[in-house]
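The values are calculated or read from the model by the stated rules, or taken from the named source; none is laboratory data. Since we're looking at a predicted model, the values are computed, not measured. Neighbour counts run over all protein chains shown; Cβ positions are idealised from the backbone, glycine included. All accessible areas refer to the heavy atoms of the entire protein, side chains included, with ligands and DNA or RNA removed. Shrake-Rupley method; radii C 1.70, N 1.55, O 1.52, S 1.80 Å.
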Amino acid sequence: MRCATNPPAYRTLLKGALVAGVAGYVATAQAHGFGQRYDLPVPLWLYLWGAAAAVAMSFLVMALFARGVRVQTYPRVNLLQWGIGRAIAHPVMLVIYRALALGVFILVITAGLIGVQNPFKNIAPIMIWAIWWVGVAYLSSLLGNFWMLINPANTIFAWIDRICTRAQSDALRTPPLRWPAWLSSWPAVALFLLFAWSELVWEQSDSPKHLVAVVLVYCAITWIGMYAFGRDTWLRHGEVFTAVFSLLSRFAPTEVRVVDPKVCATCGNADCQGECVDCYACLRRAEASGREWNLRPYAAGLLTHRPVHLPVMTLVITLLATVTFDGLIETPLWAGLVEGLQFPAADAPAPPGAGASRTMVYTLGLSGTVALFFCAYLLFCWLIACITRAPATSVAGATQGYSATTIARYFVLTLVPIAIAYHLAHYLSFLVMTWQYLIPMVSDPFGFGWNLFGTAHHFVRIGIVDARAVWYTSVAAIVAGHIAAVVLSHIMASRVFDDPRMATRSQYPMLILMLGYTMLSLWIIAQPITTSGGA
Amino acid sequence: MAHSLCTSTHQPRQTGATSDARSLQHRAWRCLGFCVAVIAAQYVLSHAFQLATASAQETRQAALHSYELRIEKGKLASSAKSLRAVEGEQLALRWVSDEPATVHLHGYDVELKLVPGVPGTMTLQAYATGRFPITLHGGGHAGQPGTRKERTLLYLEVHPR
């Protein structure tokens, strides 16, 4: 790391400017979450290196896997066999983690409701967008599915539930409504679309009051759903963040597993693929001897033996599209598009309807990106289906093969590493910077001028982010994500197709799709960050 | 060696195809490790190169780079989209506006109030790399209710040495 070289006179000037700047600064109409990103675009030569590496490695993987590979299971190490693992996962510690998360949740809600309505002084927007949404997504992909543990809405419901039904046993309490099978996880998909809209398009997403109001409404929906259909059922089918963070944590190197088949028999989870992984419903009911907390290779959890359900596939594609759209809206291309559509007269003041039309343009952009991703993915799956259709062997002339949607449902999880890698690259320096804003805010969460821990005037150092380090890490992450995706795809192909030649043939369209997605991700980080001017 | 630590409830049948697949897997992991090592080596080498040439560039650090920027009718007069500077340089941005305005450099958080026709200067040392927006608050009264819109004039790009 380079050494800081701030002359003392400059520091006092900057401190004064910082105070003046913060006092005078008006919240921008940036629809995205708190804080700005000051990333430099990745230079062209590095972008080309990354692209070339992705292409070269893909062909290398194809060559290595050409003779077929059968991977039935992955190596696992049970962390509970060691004292330290048992200590971290001790029931008392779990209660402490839940209580901490609940405490932060209550703090954020309170700050949003009664604190100063300035996103730079109130702890609510930064906590929700940067620490929770970006941070938990990051950690879920890199560490494991801990959201299931700390979900505050779940904690509140579970504790109230336990208090209320102390007299009766858990098994006797049946929820009044049954989850209809056709509904599956579609509510989670619909809610995710709404959430993505609120993150990327909604203009009030920085306002503490509005944000917290939406959070409370969502909690109410969650509690009503849990009461009506049962806590586990709702969490599995309707709770958006459980669905999204569980999906991301399939990439992670840890899992919880129940090895007691008697517990799983009473689970009622239609998605269970034979192995009980990350099912907290079973985990709660299992004995200590039937539980495992395993370390596993990265991305191993993205492999399945059966195709995923249609709503899960839809959620994955929507997640990928929104992550990409998040980056697209900061490119000069998008800024030019928005300005061209909104302000036909370049130097005229913004017309009164401009706010509404901006929302419409962004909403169209978001839905357009989601639709585009769907079409592209299904097109390539259709190509794979065509290529792998076995020649007719029977007299009747019926061809064997999978439909495009079945192929789509088998392979969709293999695209997730690219999205995770891009998300990492996009938000790395943002997180490093934004964590610093928490330091003064912890001493003064409501913006009332408190100084609880003495850090209220902490100086945020923008110089701690080294542009070169960020560039290399970003490109390396995206290339690594691409390689992981290609490897996973090959393993899935050998599970889906019996003939290794057919499996390799099926990978050509998939490789083109993945290369396209990776190039798009690299292109986005090579673009200079441009906020659509005037808005 | 890793396998001795593994506890697996499913013992795969050790057929020739599976062990063949295992060796392929290991090769793939090794290739990946190699690529990561190459990229890491490149990073380390480039940093070493940078440190070696840092002394030669110390004289450049002390130099002052000044930029003349004119604001007309709430927009930048020139069509420049960004200013390019190098880490460590002393920068002086001289602003002139035809209307009262406040110019704000994000990141470094430097604000400058401008009176029509009177030039003002932002001086700073570019100690942090990045792409920082410079925005215009109209009316010279930053924080005035209703002035939700602030326009980005251009960007200051500070590139690593």
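Accessible area per residue of chain A at 1.4 Å probe, in Å²?
So chain A comes to 43 Å² accessible per residue, rounded to a whole number.
Remind me, relative contact order of chain A in percent, using alpha carbon pairs under 8 angstrom and six or more residues apart?
25 percent
Applying the Karplus parametrisation 6.51 cos²θ - 1.76 cosθ + 1.60 with θ = phi - 60° to the phi angles of the stretch A:517-529, what ³J(HN,Hα) value in whole Hz is obtained for each residue in order, glycine and proline being reported as x?
Computed from phi, the couplings for the stretch A:517-529 are 5, 5, 4, 4, 4, 5, 4, 4, 6, 8, 8, x, 5 Hz.
From the protein chains alone at 1.4 Å, what is the descending order of accessible area for B:Leu112, A:Leu200, largest first?
Sorted descending by solvent-accessible area, the residues read B:Leu112, A:Leu200.
Rounded to a whole number, what % of the accessible area of chain A do carbon and sulfur atoms account for, probe 1.4 Å?
With neighbouring chains kept in place, the figure for chain A is 70 percent.
Count, for each residue of A:71-78, the Cβ atoms from other chains sitting within 10 Å of its Cβ, then give me the mean as a whole number.
5
For A:Cys272 and A:Arg67, compute 0.36 nm times the residue count separating them, minus their Cα-Cα distance, and round to one decimal in nm.
Contour length minus the Cα-Cα distance gives 70.7 nm.
Taking amide H atoms as placed 1.01 Å from N in the peptide plane, list the residues 5 or more away in sequence, or in a different chain, whose amide H sits under 5 Å from that of B:Leu156.
Long-range HN contacts for B:Leu156: B:Leu83, B:Phe132, B:Ile134.
What does the accessible area of B:Lys73 come to, in Å² to the nearest 10, when a probe of 1.4 Å is used?
My reading of the accessible area for B:Lys73 is about 150 Å².
Can you compute the FRET efficiency between B:Leu45 and A:Ala56 using 1/(1 + (r/R0)^6), with r the Cβ-Cβ distance and R0 = 30 Å? Round to the nearest 0.05.
Approximately 0.90, to the nearest 0.05.
Net charge near A:Cys381: determine it from the other residues with C-beta under 15 Å of the C-beta of A:Cys381, scoring Lys and Arg +1 and Asp and Glu -1.
Neighbour charge sum, excluding A:Cys381 itself: +3.
Which order do you get for A:Cys375, B:Cys31, A:Cys219 if you rank them by accessible area with a 1.4 Å probe, largest at the top?
Descending accessible area places them as A:Cys375, B:Cys31, A:Cys219.
Rounded, prolate or oblate, given the Cα gyration tensor of chain A, with a/c below 1.5 counting as rounded?
In terms of gyration-tensor shape, oblate.
If you take the beta carbon distance between A:Ala87 and A:Leu194 as r and set R0 to 41 Å, what does 1/(1 + (r/R0)^6) give as a FRET efficiency, to the nearest 0.05?
Between A:Ala87 and A:Leu194 the formula returns 0.55.
Measure out, as a whole number of angstrom, how far apart the alpha-carbon centroids of the stretch A:82-137 and the stretch B:65-90 sit.
Distance between centres, Cα-based: 42 Å.
Quick one: order A:Trp435, A:Trp450, A:Trp133 from most to least accessible surface, probe 1.4 Å.
A:Trp435, A:Trp450, A:Trp133
Where the eigenvalues come from the Cα gyration tensor of the stretch A:477-535, what are the semi-axes √(5λ) of the equivalent ellipsoid, largest first, in whole Å?
Over the Cα atoms of the stretch A:477-535, the semi-axes work out to 34, 10, 8 Å.
Could you report the accessible area of A:Ile224 in Å², rounded to 10, computed with a 1.4 Å probe on the protein chains as they sit in the structure?
Here the accessible area works out near 120 Å².
Within 10 Å of each Cβ in A:36-47, how many Cβ atoms from other chains are there, averaged over the peptide?
Averaged over the peptide's residues, the number is 3.
Considering only DSSP beta bridges whose two residues both sit in chain A, what percent are antiparallel, to the nearest 5?
So the antiparallel bridges in chain A amount to around 100 percent.
As a test question: what accessible area, to the nearest 10 Å², does B:Cys35 have when a 1.4 Å probe is rolled over all protein chains in place?
Accessible surface of B:Cys35 is approximately 30 Å².
Just subtract the alpha-carbon distance of A:Trp382 and A:Ser357 from 0.36 nm times their residue separation and send over the number in nm, one decimal.
In short, 5.3 nm is gained.
What's the buried accessible area, both sides, between A and B using a 1.4 Å probe, rounded to 100 Å²?
Summing both sides, the interface buries roughly 5500 Å².
Sorted by packing (mean other beta-carbon atoms within 10 Å per residue), highest first, where do A:201-207, A:487-493 land?
Ranking the peptides A:201-207, A:487-493 by packing returns A:487-493, A:201-207.
Classify the stretch A:387-531: rounded, prolate or oblate, from the alpha-carbon gyration tensor (a ≥ b ≥ c, eigenvalue square roots; a/c under 1.5 rounded; otherwise prolate if a/b is larger than b/c)?
Because a/c hits 1.5 or more and a/b exceeds b/c, the stretch A:387-531 counts as prolate.
Run the helix sum for chain A: -39,500 (n - 2.57) per DSSP H stretch of 4+ residues, divided by residue count, reported at 222 nm to the nearest 500 deg cm²/dmol.
Mean residue ellipticity, 222 nm, calculated: -19000 deg cm²/dmol.
Taking the Cβ-Cβ separation of A:Arg461 and A:Ile160 as r and a Förster radius of 51 Å, what is the calculated FRET efficiency to the nearest 0.05?
0.75
Return the average number of partner chain Cβ atoms within 10 angstrom of each residue Cβ along peptide B:36-42.
3
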